[in-house]
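The values are calculated or read from the model by the stated rules, or taken from the named source; none is laboratory data. Please read these numbers as outputs of a predicted model, since none were measured by experiment. Every residue, glycine as well, gets a Cβ built from its backbone with ideal geometry; the counts of neighbours run over all protein chains shown. To get the accessible areas, we keep the full protein, side chains included, count just its heavy atoms, and leave off ligands, DNA and RNA. Shrake-Rupley method; radii C 1.70, N 1.55, O 1.52, S 1.80 Å.
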Amino acid sequence: MKQFTLKEKNEVLENPFIHIHRKLDILLNIGKLLMECGADTNRIIEEMLKAATFMGIPHDYLNIHISYTTIMVNLLHKERSITVFRKTPVHVPNMAMINAVSKLTWRAFERHYSLTTYEQLISKLDCTIPVYPDWIKGIACALGSAGLAFLYSGDIIAFIVTVICSLIGYFGRTLSVRFGCNEYVGIAIGGFAAMVSAYGFYSHIEQDSLVYVLVCCTLFMIPGVPLINSVIDTINNHILSGITRAIRTILIVGSMTLGMAMALYFSPMPAFSFVDIKPHVLTIEQIIGAFTAAASFAVLFNAPVRLLVSIGIGGVLCVFIRNLLTVEFGFSIPGATFVGAAVMSVIYVKVSTWLRTSSTIIIVPSAIALMPGILYYRFLFDMLHINALSESGLLHMVQNSVTGVLTIVSIAIGVAIPNVLAQKYLKARKERRIQQYLATRHINDGQ
């Protein structure tokens with residue numbers, strides 16, 4: 001490989017049209033990694049523009065278009081126009097990857113990487129970022145679902161049974177996908193397996209708390225990150241991406257609900273969709289359940305191990321605030337949820353600087369403990385049995401739907417509050433940091 005002189009290296013990074021196709025390819029790689037790993041559209045664009053600044057491409061030259069399955073970049077200058085795009089077919093939340101992409105670009109500024117070094121390191125991220133093995137993810141899914149059973153007033157027996165049923169559902173879904181089944185079919189199979197086993201325990205063990213197993217054993221399949229991102233994208237005017245994420249979420253939750261309904265089709269219908277999950281008292285079990293759910297589901301999103309405790313504490317913080325406002329001050333669920341998510345996100349913006357990580361990596365998994373999708377799946381479950389519902393049942397179904405929508409919006413806005421309140425300040429601080437690094441690019445030129 002050709003070795004560039006220091007002058008040539010700097011010229012490559014300061015003239016936008018030198019090796020322009022390589023530079024655009026790097027931008028597409030960054031966008032693809034972030035989209036497939038669960039970043040919201042605003043963050044993807046910000047990271048791509050930050051990388052463009054490092055490579056000497058003025059933002060005025062770039063037009064970036066992002067949909068859920070395609071990243072497109074157009075470079076337009078005077079009469080010269082280049083358009084490139086890349087498909088993003090796989091979508092698996094990976095917080096470690098999102099963090100690594102951001103840190104790598106900052107490191108490139110700080111250490112004055114050459115274009116070749118930066119290109120090679122970006123291309124190697126797929127292989128160098130560790131991911132949790134399936135068996136650990138399965139245990140985490142089970143513990144997360146069981147933590148929610150504890151959070152919703154289940155006892156230790158419900159906790160243990162939920163762990164067992166969720167494990168069965170997780171590995172049922174994983175094996176079906178490995179055998180080549182469609183993703184949504186695999187989700188339906190996972191929901192079916194978990195609900196069959198849960199109903200088996202429920203019908204053979206006389207324990208009232210086991211109704212929480214029916215409620216929680218499949219919650220690990222609800223796509224909390226895409227659900228939150230769909231609202232964030234929509235309120236940031238990335239309508240196409242937001243709607244696509246929302247539709248995908250509905251398909252996942254619908255597939256899960258269909259599998260659950262099939263499991264109960266030939267059985268007496270337990271009224272688990274009417275189980276009250278609203279807190280009425282504050283208990284230590286809620287704290288344990290929130291911590292377990294947030295930290296465990298963070299494993300599913302591939303959050304770094306060193307951040308799991310912090311994420312668990314974040315889950316406790318937002319759930320405790322929500323429950324406190326609901327129980328002691330009579331707040332509605334959406335209103336209390338918004339305050340809980342907002343307070344947690346504001347605090348964790350500062351905490352993220354102490355932990356040397358991106359705030360998104362700890363804020364979004366922490367907010368998952370608020371379980372944004374549980375009312376959606378209960379709504380869809382009632383929809384499948386609408387002919388058997390009484391007037392009160394229909395009213396309950398509508399309440400689940402409206403409360404679910406408002407709760408999702410509350411969580412998403414609460415998570416986005418720091419950027420909304422301090423957007424100008426954060427943008428200015430980032431720009432100052434970039435300019436400081438660029439100012440030192442030629443500091444060693446004469447040595």
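Per-structure values
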read-out	value
Selection status of D208, under 19 Å from V319 (Cα atoms), of a type in the set (D, E) and modelled with pLDDT under 85	no
Selection within the range 260-309 - at pLDDT 80 or above, part of a loop (DSSP other than H, G, I, E, B) and of a type outside the set (F, W, Y)	V281, L282, T283, N302, A303, P304
Test for F320: is it modelled with pLDDT of 90 or more, surrounded by fewer than 24 Cβ atoms within 10 Å (Cβ to Cβ) and outside any helix (DSSP H, G or I)	no
Flag for M97 being more than 19 Å from the chain's Cα centre (by Cα) and among the hydrophobic types (A, V, I, L, M, F, W, C)	no
Hits in the range 21-38 - residues which are closer than 19 Å to Q120 by Cα, under 23 Å from the mean Cα position of the chain (by Cα) and open to solvent by less than 10 Å² (accessible area, probe 1.4 Å)	L27, L28, I30, G31, L34
Leading residue by the ranking (surrounded by the most Cβ atoms within 10 Å (Cβ to Cβ)) among those in the range 296-313 that are within 21 Å of M221 (Cα to Cα) and not hydrophobic (A, V, I, L, M, F, W, C)	S296
Number of the condition not met by Y118 [criteria: (1) farther than 30 Å from V196 by Cα; (2) open to solvent by 20 Å² or more (accessible area, probe 1.4 Å); (3) not hydrophobic (A, V, I, L, M, F, W, C)]	(2)
Any hit, the range 196-216, residues being surrounded by fewer than 22 Cβ atoms within 10 Å (Cβ to Cβ), within 19 Å of M371 (Cα to Cα) and not basic (K, R)	yes
Failed item, numbered, when Y113 is tested on (1) assigned to a helix (DSSP H, G or I); (2) crowded, with 18+ Cβ neighbours inside 10 Å	(1)
Extreme residue, most open to solvent (accessible area, probe 1.4 Å), among residues of the range 84-99 that are assigned to a strand (DSSP E or B) and under 30 Å from Y132 (Cβ atoms)	K87
Residue satisfying condition, being modelled with pLDDT of 90 or more, open to solvent by 20 Å² or more (accessible area, probe 1.4 Å) and closer than 20 Å to P93 by Cα, within set I189, I157, I168, I139	I139
Selection within the range 150-160 - touching a residue at least 24 places away in the same chain (Cβ under 8 Å) and assigned to a helix (DSSP H, G or I)	F150, L151, I157, A158
Residue within the range 9-20 that is acidic (D, E), open to solvent by 40 Å² or more (accessible area, probe 1.4 Å) and modelled with pLDDT under 95 present	yes
Residues (over 18 Å from V101 (Cα atoms), open to solvent by less than 20 Å² (accessible area, probe 1.4 Å) and basic (K, R)) located in the range 39-79	none
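To keep it simple, each residue is scored yes or no on (1) closer than 23 Å to R248 by Cβ; (2) part of a helix (DSSP H, G or I); (3) among the charged types (D, E, K, R); (4) open to solvent by 10 Å² or more (accessible area, probe 1.4 Å).
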{"position": "I82", "(1), (2), (3), (4)": "no, no, no, yes"}
{"position": "L104", "(1), (2), (3), (4)": "no, yes, no, no"}
{"position": "S123", "(1), (2), (3), (4)": "no, yes, no, yes"}
{"position": "D126", "(1), (2), (3), (4)": "yes, yes, yes, yes"}
{"position": "V131", "(1), (2), (3), (4)": "yes, no, no, yes"}
{"position": "L148", "(1), (2), (3), (4)": "yes, yes, no, no"}
{"position": "T162", "(1), (2), (3), (4)": "no, yes, no, no"}
